[in-house]
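Colleague: Okay, here's the structure, questions in a sec.
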Amino acid sequence: MILPIRAYGDTVLRKKAHDITPDYPELKELIDNMFETMNAAHGIGLAAPQIGLDIRLFIVDVTPLADDEDYEDIADELQDFKKVFINARILEESGNEWKFNEGCLSIPDVREDVSRKETILIEYFDENFVKHTETFSDIRARVIQHEYDHIEGVLFTDKLSPLKKKIIKGKLTKITSGDIHVGYKMRFPK
């Protein structure tokens, strides 16, 4: 089932999410619905707060990037990179910071350069509640960091300079009020 994505301004996007247990109600169905919702919106990541749930759950699927010539040197790694992250904790961020033009399904039509570290060490449970501690780099680390921020109540716009924030303020106000056309289901706070 395709769920509405919460728009910028919704209070759930600002909450620090809480852990869940393996007996979380209908978890498999929720994860399936999140993948269906993300795919319908042509996204590569989606966090539970974006569908109105303040739980530490997010998904990523960067397999569409495997065909992008910008990533041909890591195409094999991206080919099957579809993951579920439950109760994730980033343990370490390392390497150089690099800028990348990010967007967000909750903040449509806004894209800005965001600096993030190139490598992360993250601990999480998968959809079967098997614990993992893994290191990720490149675009995979960036997508994970972006989605991880959602479960911490942080949006990519928070990482912008005061000037950039001022420039996009009008767009953010339009999103909050629903004065925007998007090609996927959204729920607006006003």
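The values are calculated or read from the model by the stated rules, or taken from the named source; none is laboratory data. Model, not experiment: these values are computed from the prediction. Cβ placement follows ideal geometry from the backbone for every residue including glycine, while neighbour counts extend to all protein chains displayed. Remember, those area values only see protein heavy atoms, side chains included, never the ligands or the DNA or RNA. Shrake-Rupley method; radii C 1.70, N 1.55, O 1.52, S 1.80 Å.
Colleague: Given a 1.4 angstrom probe, I'd like the percentage of the accessible area of the stretch 64-190 that is carbon and sulfur, rounded to a whole number.
Modeller: Percent of accessible area from carbon and sulfur atoms in the stretch 64-190: 45.
Colleague: Accessible area per residue for the chain in Å², computed with a 1.4 Å probe and the full protein assembly in place, what is it?
Modeller: Computed with neighbouring chains in place, this is 51 Å² per residue.
Colleague: According to a simple spin-label model (label point 7 Å from Cα along Cα-to-Cβ), what is the distance in nm between residue 33 and residue 163?
Modeller: In this crude spin-label approximation the distance works out to 4.4 nm.
Colleague: Right, next: How do 34, 186 rank by accessible surface area computed with a 1.4 Å probe, from largest to smallest?
Modeller: 186, 34
Colleague: Could you check the spin-label model distance between residue 100 and residue 15? Points 7 Å from the Cα along Cα→Cβ, value in nm.
Modeller: The answer from the label model is 2.8 nm.
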